[in-house]
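Comments concern the structure below.
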Amino acid sequence: MAAEASAPALRLQGVGRRFGALQALHDTSMEVAAGERRAILGPNGAGKTTLFNVVAGDFPPTSGSVELFGTDVTNLPPYVRTRLGVCRTYQTSQLFMGLTVAQSLFLAIRGVQGRRFWPTRPKADDPSRVRAAEIAAIVGLADALAAPVGALSHGQQRQLEVGMALAGNPRLLMLDEPAAGLSRAERINLTSLIQGLPRDITVVIVEHDMDVALAVADRVTVMAEGTPLVEGNPDEIQDNRQVQDIYLGHAVGARNG
Ligand SMILES: Nc1ncnc2c1ncn2[C@@H]1O[C@H](COP(=O)(O)OP(=O)(O)OP(=O)(O)O)[C@@H](O)[C@H]1O
Ligand SMILES: [Mg+2]
């Protein structure tokens, strides 16, 4: 499992994933450099979440290979990928509404450390508790530590999800539509949160909101029908006629209009 020091954070070669008769992902090759910010755009059903699932190891690809930081993980279980530094958020919320922000972060941190799960009244100087407060500050929830998750705004819940992913000390952070359902003000907040993440964290973000995606990305991959169609920097993507046709034409209007 020796990994190259200069290896990309993520390398996909000819990756495909079939569900019965449905080829959700096919012929997908892609490299994301360490430290890069990559946005993945594409209409509903383009295979974006399937790509995340294949990278995180929720299920293996049915063809091709997945490398993380130079290690071939194609057939390795999710916990190995977590250990290599892959953390993600999900398109649908995975939060526990009855916990507080502090408890949620504490639990995410402890989960990572592989200790016992339930957050029983940690001491004030418990390192995990200190770390939870640090992460809350990074994601703009320093004043909400004691708030129950269910009492947070939708935008704050999305911020907390990013925080819980950060609790795993990611080298590769994958965010699946973090701005979905957010107000304009909340989207602006989330955009600066992502822009402000430490540059050594590689970020791959699936996002329908072009403003968010283009503001945070160094490079953009546009997917359609289960495979990457175009890759370029944000300016090239905005000017690309094919992208305007397949993506701007329907997806933005349908989802965010
Ligand atoms: N576990 C699964 N079992 C069966 N079919 C699946 C599964 N996951 C995804 N699919 C199908 O694969 C295709 C790609 O889905 P995927 O969720 O990757 O799209 P997406 O680009 O994330 O779309 P969206 O923008 O709506 O989130 C869809 O047709 C979807 O119904
Ligand atoms: Mg999706």
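The values are calculated or read from the model by the stated rules, or taken from the named source; none is laboratory data. Quantities reported herein were computed from a predicted structural model and do not represent experimental measurements. We place every Cβ from the backbone using ideal geometry, glycine too, and count neighbours over all the protein chains shown.
For every residue, the table says whether it meets (1) at pLDDT below 85; (2) surrounded by fewer than 19 Cβ atoms within 10 Å (Cβ to Cβ); (3) closer than 13 Å to Leu105 by Cβ.
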{"position": "Phe117", "(1), (2), (3)": "yes, yes, no"}
{"position": "Arg121", "(1), (2), (3)": "yes, yes, no"}
{"position": "Ala133", "(1), (2), (3)": "no, yes, yes"}
{"position": "Leu141", "(1), (2), (3)": "no, no, yes"}
{"position": "Leu145", "(1), (2), (3)": "no, yes, yes"}
{"position": "Pro148", "(1), (2), (3)": "no, yes, no"}
Filtering region 45-76 for residues that are within 13 Å of ligand 1 (Cβ to nearest atom) and acidic (Asp, Glu) leaves a count of 1
Over region 223-235, the set of residues touching a residue at least 12 places away in the same chain (Cβ under 8 Å) and over 16 Å from Phe52 (Cβ atoms) is Ala224, Glu225, Leu229, Val230, Glu231, Gly232, Asn233, Pro234
For region 163-179, the count of residues that are more than 16 Å from ligand 2 (Cβ to nearest atom) and assigned to a strand (DSSP E or B) equals 2
For strands (runs of 3 or more DSSP E) lying entirely in region 196-240, having 1 or more residues that are acidic (Asp, Glu) and within 25 Å of Gly64 (Cβ to Cβ) picks out 227-232
Looking across region 68-78 at residues that are within 23 Å of Asp218 (Cβ to Cβ) and crowded, with 20+ Cβ neighbours inside 10 Å, the single one that is farthest from ligand 2 (Cβ to nearest atom) is Phe69
Condition set of a type in the set (D, E, K, R) and in a helix (DSSP H, G or I), scope region 125-162, selection farthest from Ala179 (Cα to Cα): answer is Arg129
Margin query: Going residue by residue through region 204-218, is there one that turns out to be within 16 Å of ligand 1 (Cβ to nearest atom), buried (at least 19 other Cβ atoms within 10 Å of the Cβ) and not assigned by TED's automatic domain parsing to the domain that holds Ala7?
Written below: no
If we take region 1-76, then strands (runs of 3 or more DSSP E) inside it with 2 or more residues that are among the basic types (Lys, Arg) are 10-19, 37-41
- prompt: Does Val243 qualify as being modelled with pLDDT under 95, buried (at least 17 other Cβ atoms within 10 Å of the Cβ) and either of a type in the set (A, V, I, L, M, F, W, C) or over 25 Å from Val86 (Cα atoms) (or both)?
  reply: yes
Within region 22-44, restricting to residues that are at pLDDT 95 or above and of a type in the set (Gly, Ala, Ser), the one that is nearest to ligand 1 (Cβ to nearest atom) is Ala24
